[in-house]
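**Student:** Here's a structure for you.
The values are calculated or read from the model by the stated rules, or taken from the named source; none is laboratory data. The shown structure was predicted, so the numbers you read here are calculated from the model rather than taken from an experiment. We place every Cβ from the backbone using ideal geometry, glycine too, and count neighbours over all the protein chains shown.
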Amino acid sequence: MEHGTLEEPSKSTFTLCEEDHTLANCLRFTLNQDPRMSFCGYSIPHPSDAKVNIRLQTTGAPARDVLKDACQNLMLICQQVRTTFDKAVVHFKLPVEKMKIDSDEDIEEDDATSSEDTS
């Protein structure tokens, strides 16, 4: 829900119901990366209320458009994190035979050469 005026579309407060610090802080971070922003902050009116108020003041762009762009950017960031995580899980689950690791023989050879170098 948007609480703003038609006279000043660059200043507005948005209420997000059924949300908490998790989304609000991520949105605040994303919004503050936007050069069109002059101020962004959020508050939770009461700990038992599941809603967040996000206040935006832009340099002239409509606050609604800036918030929409920030939500899209946040979705892209989340998709990138998910893709990176999924690749890491697949790599972690690779069988040991397919992984490029040093064998015990290589380690023993390295230890033998290093002990020769020190004497």
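**Student:** Which number in (1) surrounded by fewer than 11 Cβ atoms within 10 Å (Cβ to Cβ); (2) among the acidic types (Asp, Glu); (3) at pLDDT below 90; (4) assigned to a helix (DSSP H, G or I) marks the one condition that residue 102 misses?
**Tutor:** All conditions are met except number (4).
**Student:** Another one. Determine whether region 1-22 contains at least one residue that is of a type in the set (Ser, Thr, Tyr) and in a loop (DSSP other than H, G, I, E, B).
**Tutor:** Within region 1-22, one or more residues are of a type in the set (Ser, Thr, Tyr) and in a loop (DSSP other than H, G, I, E, B).
**Student:** Go through region 36-92 and give me each residue that's surrounded by 15 or more Cβ atoms within 10 Å (Cβ to Cβ), part of a loop (DSSP other than H, G, I, E, B) and among the β-branched types (Val, Ile, Thr).
**Tutor:** Answer for region 36-92, where residues must be surrounded by 15 or more Cβ atoms within 10 Å (Cβ to Cβ), part of a loop (DSSP other than H, G, I, E, B) and among the β-branched types (Val, Ile, Thr): just 44.
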